[in-house]
Every structure is written in C-alpha cells, then in structure tokens.
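Novice: Mind looking over this structure? Questions follow.
The values are calculated or read from the model by the stated rules, or taken from the named source; none is laboratory data. All values derive from a computational prediction rather than experimental measurement. Here the Cβ positions follow ideal geometry from the backbone for every residue, glycine too, while neighbour counts run over all protein chains shown.
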Amino acid sequence: MRTFPCVESDARGQGRFSWRLVGVVMVLCHVISTRPATTETIRIGALFEGEHEGERRALQWAVNYFNLSPDFLSDMLLSIDEKTIEQDDSFAAQDKVCRMTQEGIAAIFGPVSRRASAHVQSMCDVFEIPQLQWQRDYETPSYFSLSLYPHYLTLSRAYRDVITYYGWESFAILYEDNDGLLRVQEILTATSETTPTITFRKIQVDYSGDNNYATTLRDLKDKEERRFVIDCKLDEVRKILREAARLNMMSDRFHYIFTTLDLGLVDLDDFKQSGANITAYRLINPNAPRVTSVRADWLGIAQRGHDSPLMGYSEIKTETALVFDAVSLFARALHELSRAVYVSTESLSCDNVRFWTLGNSLLNYMKSMDFEGLSGRVRFDYEGRTDFSLDLVTLRQNGLVQ
C-alpha cells in the first residue's frame, strides 16, 4: 500500500506537483499519517495533452481537496496516475492505459482529443472502468464514459431558441472545422413563421496565425448579412471582432452570437462602446457561492506565485470547472459505493483481458448522482447531461450583463 498518494507522473510531468499548494500537501501528509492503517489507496488514471494545463492543475487540486474533505473518503485516499500524450495519439493512449490498468485504477480522466478519447472509451468498455470527460463534443459517449459537458443537442437547441427569440430571418454560421458545424447542427432546424435563410462560411487559421477573417466578413457584408453565429476557439474571438471593427461591422445593425461558453474570459473592453450586439451563453455563474469560493482559493495560489488552475484568467474556465465537478462526481459515487461494499482496485492486463468487478456499480452510482457543482446542477439521464442551466449574456457599456 502506498503511504503518500498525492500524484504520480510520467517522465514528461516529473516533479510537476512539487510546488503545488505546499501547505495543502503538508496538511495532507499529516492526514495520511493520522488515518488508520486500513486506509485504502484508490488510484485514478489521467491522460492529458499539453494544451490542457489548466485542467491538469484543476484535477490535482480537486483530488487534494476531496482527500482533505471530512465528508468524503474517510477510509480512502485518492492517488493520481498521470500520463502525458500528444494530441490524438491513440497508440500512446493505449500504451499508457495498459500501464495504468496493470497497477489497478478506479477511473480514467481524459483525454480530450477525439481519436485518443474514442480509443480510451473502447478500452474502458472492455475493462468496465469508468471514463470521465469534459470536452465539448458532438457525439454521445460510450456506455462506460460520462461527459460533464452539456449535451451537444441540448446546447444546439438553446442557440436555436435564442435565434427564434430574436426573430432572425437570415444569418450566417461561421465555423472553424467540421466539428463546429456539427455542434450547431440543430440550428439548421430552427423554425419560425418563415424558415430562416442560413449562409455557411468556414473560417480558417493556419499554423502561422494567418486567417481569412477579413475576406469572409467582407464577403458577407457585401451580401448585406448582419447576423452571425460564430463557432471558434476562445483565442480567436477578439481577432474576429477586431476584424469586424476594421470593416465597420460593429454598429448596432450587427449581431454576433458566439457559441463559446467562456465569452466572459475574453477582454471585450475595446467593443463596449461600439453598439454592436455581442451575445453568448455561459454555464458557470461567476457569482455562485461555490464558484466564488474556489476562485478565491485559485487566485490566492496565483498571488503566491504558484501555478493556478485559472491560468492567468480572473474567472474559472468552463472546462476547468468541469474537471473539478468530474472529481466531485467520482468522489461522491465512490463514497456511496464504499458504504455498500469494500472498494479496492484490481490489476488488469491488456494481454489477458478481465473486467473490474466494481466498475459497473461505480458507474451506476455516478449516473445517479445529483449535486450542485461549479457548473451548476450535475445530474444525468440516459442521454447524458441534458439538464443544465445557461445564462444568456450580452455586451453592454458596463460589460457582459445577463
């Protein structure tokens, strides 16, 4: 049995946790030393790609948070077996998962990229080990995978509803890739007294940072298009709006709906006085008590010069909050399972496949959970997370308002 279940990492992540929350680690070590000798260490696997550092930090922070919580895991401690892979490297993902299952794990968190995630999903189905995800996707996960991200069809219907509310008779959908187009597919079925005319344009960014925003927007302006639904990465929002301003497309005649749930993280000061309508939904209520509490803790980490899950932002990013909620979901379900049976992991080999005998029970507990997380109410139905609350926010002179 391990005596210090904080974080394990592969060579590329070696020593990542040494700085983190030194005070918390000291307290955790004290907790470990004072717990009974029968304390069971429950290992969880985590696969991260390099660009998701904020989520990595959130996972590590959340694990320590629940290890220290008096309400959960009183006779268990969580330990992270953390591995790093390149984006969409399904071969590496398989190799890492095989190493994890050989040691015994109760769940796998990640990865985010589609190919790698799909491959891990299939492995989790075979081993009957729950996989927790938080990425935005347009497909329903397999049986042993749970996604904390709001269901893509429900989200699409939300955008359809707001377009119907505004009474748009025509608009353009701008998207970066085919995934973006699929994410807004339900908008295509938007109905009103007259069926809206929809124009599609693919916006492109190459590796050098060059883009076709100017050409695309100018073409749509020449066609007298004034309303836009834009599915793009968060980093591209300001670039698109700056290009629109340069083309004199930021007056009150224009309306932009962004599909990102993190518009509040974008610096929009340059556009407050423009008069243009800039709208988005948000999942994370920054004024919710639990959100303000966690944000204060993470801001404190940053102010002490350590690496905060906030990654330089003043608010919590959606995916980062979902990682915290994923750990919360797992810890709560594990706690309930431990009240019914003794919980321990098993060594499972990729060469001689067996399944974890408690995996299906743990998954069922997770699917039955109903609690308030950073992302609001967390609960699932047979389709996934279809029941959630969104705030519609619009840019005004004093910032984004609900």
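Novice: State all residues of region 277-299 that are surrounded by 15 or more Cβ atoms within 10 Å (Cβ to Cβ) and not in a helix (DSSP H, G or I); if no residue qualifies, say none.
Specialist: N277, I278, T279, A280, Y281, R282, L283, I284, N285, A288
Novice: Does A302 fit the bill of being more than 30 Å from R99 (Cα to Cα), assigned to a helix (DSSP H, G or I) and of a type outside the set (S, T, N, Q)?
Specialist: Details: more than 30 Å from R99 (Cα to Cα): yes; assigned to a helix (DSSP H, G or I): yes; of a type outside the set (S, T, N, Q): yes.
In short, yes.
Novice: Also, quick follow-up: What is the residue count in region 334-359 for residues that are surrounded by 11 or more Cβ atoms within 10 Å (Cβ to Cβ), not in a loop (DSSP other than H, G, I, E, B) and not charged (D, E, K, R)?
Specialist: Qualifying residue count for the region: 5.
Novice: Across region 308-321, what is the number of residues that are closer than 20 Å to L68 by Cα and of a type outside the set (S, T, N, Q)?
Specialist: 2
Novice: To continue, here is another question. Which residue pairs have Cβ atoms closer than 8 Å, lie 6 or more positions apart in sequence or on different chains, and pair a first residue in region 364-383 that is of a type in the set (K, R) with a second residue that is surrounded by fewer than 20 Cβ atoms within 10 Å (Cβ to Cβ) and part of a strand (DSSP E or B)?
Specialist: Within 8 Å, the pairs are R377/F371; R379/F371.
Matching residues to (1) under 22 Å from L188 (Cβ atoms); (2) touching a strand residue (DSSP E or B) at 6+ places or on another chain (Cβ under 7 Å); (3) surrounded by fewer than 21 Cβ atoms within 10 Å (Cβ to Cβ); (4) not hydroxyl-bearing (S, T, Y):
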position: K221; (1), (2), (3), (4): no, no, yes, yes
position: E224; (1), (2), (3), (4): yes, no, yes, yes
position: F228; (1), (2), (3), (4): yes, yes, no, yes
position: V237; (1), (2), (3), (4): no, yes, no, yes
position: A245; (1), (2), (3), (4): no, no, yes, yes
position: N248; (1), (2), (3), (4): no, no, yes, yes
position: H255; (1), (2), (3), (4): yes, yes, yes, yes
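Novice: Taking region 360-382 as the search range and keeping residues that are surrounded by fewer than 11 Cβ atoms within 10 Å (Cβ to Cβ) and out of contact with any Lys or Arg (no Cβ under 6 Å at 6 or more places or on another chain), which one is farthest from N287 (Cα to Cα)? Talk me through it step by step, then tell me what you get.
Specialist: Of region 360-382, the ones surrounded by fewer than 11 Cβ atoms within 10 Å (Cβ to Cβ) are 370, 381-382.
Pick out the ones that are also out of contact with any Lys or Arg (no Cβ under 6 Å at 6 or more places or on another chain) and you get 381-382.
On the way: D381: 27, Y382: 30 Å.
Within region 360-382, the match that is farthest from N287 (Cα to Cα) is Y382.
Novice: Could I ask something else about it? What do you reckon, is Q121 part of a loop (DSSP other than H, G, I, E, B), in the same structural domain as H335 (by TED's automatic domain parsing) and closer than 25 Å to V378 by Cβ?
Specialist: Details: part of a loop (DSSP other than H, G, I, E, B): no; in the same structural domain as H335 (by TED's automatic domain parsing): yes; closer than 25 Å to V378 by Cβ: yes.
So Q121 does not fit the description; no.
Novice: Another question about this same structure. Could you list, in sequence order, the residues of region 112-146 that are surrounded by 19 or more Cβ atoms within 10 Å (Cβ to Cβ) and over 20 Å from Q87 (Cβ atoms)?
Specialist: F127, E128, I129, P130, F144, L146
Novice: Further question on the same structure: Can you find even one residue in region 350-360 that is of a type in the set (V, I, T) and assigned by TED's automatic domain parsing to the domain that holds D71? Break it down into steps so the answer makes sense when it comes.
Specialist: If we filter region 350-360 for residues that are of a type in the set (V, I, T), which is where we start, we get 353, 357.
In the following step, the residues that additionally are assigned by TED's automatic domain parsing to the domain that holds D71 were identified as 353, 357.
For region 350-360, residues of a type in the set (V, I, T) and assigned by TED's automatic domain parsing to the domain that holds D71: present.
Novice: On to the next question. Restricting to region 276-306, name every residue that is of a type in the set (G, A, S) and within 30 Å of T154 (Cα to Cα).
Specialist: Restricting attention to region 276-306, the residues satisfying the condition of being of a type in the set (G, A, S) are 276, 280, 288, 293, 296, 300, 302, 305.
Correct list: A276, A280, A288, S293.
Novice: Could we say that T318 is in contact with a Leu (Cβ under 6 Å, 6 or more places away or on another chain) and either surrounded by 21 or more Cβ atoms within 10 Å (Cβ to Cβ) or β-branched (V, I, T) (or both) here?
Specialist: It is true that T318 is in contact with a Leu (Cβ under 6 Å, 6 or more places away or on another chain) and either surrounded by 21 or more Cβ atoms within 10 Å (Cβ to Cβ) or β-branched (V, I, T) (or both).
Novice: Pick from region 63-88 the residues that are modelled with pLDDT under 85 and among the hydrophobic types (A, V, I, L, M, F, W, C): which of them is surrounded by the most Cβ atoms within 10 Å (Cβ to Cβ)?
Specialist: Looking at the filtered set, the residue picked out is L73.
Novice: How many residues does region 241-260 hold that are without any contact (Cβ under 8 Å) to a residue 60 or more places away in the chain and in contact with a Phe, Trp or Tyr (Cβ under 8 Å, 6 or more places away or on another chain)? Steps first, please.
Specialist: First, pick out the residues of region 241-260 that are without any contact (Cβ under 8 Å) to a residue 60 or more places away in the chain: 241-254, 256, 258, 260.
Next, only the ones that are in contact with a Phe, Trp or Tyr (Cβ under 8 Å, 6 or more places away or on another chain) stay: 241, 243-245, 250, 254, 256.
Number satisfying all stated conditions: 7.
Novice: Moving on to the next point. So which of E49, E40, E53 is more than 25 Å from the chain's Cα centre (by Cα) and either modelled with pLDDT under 95 or outside the structural domain of R339 (by TED's automatic domain parsing) (or both)?
Specialist: Numbers: E49 fails: more than 25 Å from the chain's Cα centre (by Cα); E53 fails: more than 25 Å from the chain's Cα centre (by Cα).
Answer to the check: E40.
Novice: Additional query: Restrict the check to region 265-283 and report whether at least one residue is in the same structural domain as A172 (by TED's automatic domain parsing), without any contact (Cβ under 8 Å) to a residue 12 or more places away in the chain and among the charged types (D, E, K, R).
Specialist: yes
Novice: I'd like to know if region 147-159 contains one or more residues that are surrounded by 15 or more Cβ atoms within 10 Å (Cβ to Cβ), more than 30 Å from M366 (Cβ to Cβ) and at pLDDT below 90. Walk me through it before giving the result.
Specialist: Going residue by residue through region 147-159, those that are surrounded by 15 or more Cβ atoms within 10 Å (Cβ to Cβ) are 147-159.
After this cut, where a residue has to be more than 30 Å from M366 (Cβ to Cβ) as well, the list is none.
No, region 147-159 contains no residue that is surrounded by 15 or more Cβ atoms within 10 Å (Cβ to Cβ), more than 30 Å from M366 (Cβ to Cβ) and at pLDDT below 90.
Novice: Are any of the residues in region 321-333 in a loop (DSSP other than H, G, I, E, B) and not aromatic (F, W, Y)?
Specialist: Restricting attention to region 321-333, the residues satisfying the condition of being in a loop (DSSP other than H, G, I, E, B) are none.
Scanning region 321-333, I find no residue that is in a loop (DSSP other than H, G, I, E, B) and not aromatic (F, W, Y), so the answer is no.
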